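Peer 1: Quick one: the structure is below, questions incoming.
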Amino acid sequence: MKSYKNCQSCGMPMKKDPNGGGTTSNGKKSTMYCSYCYEGGEFKQADWTAAQMQSFVKGKLKEMGFPGFVAGFFTRGIPKLERWKKDW
């Protein structure tokens, strides 16, 4: 299975995940999704759209002190991540 540098749901760098990645249904570490997005083989925000994820992540980045334009820049690629590719 391919290893990703960034979560393919929210875009967060995988090295920033305190758990080292989410978990699959058999309990193994996911190399594709972070623990904030994926646990036990299921998405924690299963009904979200890419736009909702972008908005959420932008808010989190602003909380962390990033200026709005930087938060927007970092989140613009979310719709192109593997989880959302089917949506566009």
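Please treat every number below as a calculation from the coordinates, not as lab data. Only a predicted model underlies this, so the values are computations on that prediction, with no experimental measurement involved. Counting neighbours? That spans all protein chains shown, and the Cβs are built from the backbone with ideal geometry, glycine included.
Peer 1: Measuring from label point to label point, each 7 Å out along Cα→Cβ, what is the N19 to K2 span in nm?
Peer 2: Once both label points are built, they end up 2.4 nm from each other.
Peer 1: Of the labelled options [x] 0.96; [y] 1.06; [z] 0.92, which one gives Rg/Rh (Cα atoms, Kirkwood Rh) as computed for this structure?
Peer 2: [x]
Peer 1: Under 5 Å between amide hydrogens, which residues at least 5 positions from E39 or on another chain qualify, with H placed 1.01 Å from N in the peptide plane?
Peer 2: T23, K44
Peer 1: Next question, about the same structure. At K60 and F73, where each label point lies 7 Å from the Cα along Cα→Cβ, what is the point-to-point distance in nanometres?
Peer 2: Each label point lies 7 Å from its Cα, and together they span 2.0 nm.
Peer 1: How many nm separate the modelled label positions at E42 and E82, each set 7 Å beyond the Cα in the direction of the Cβ?
Peer 2: 2.1
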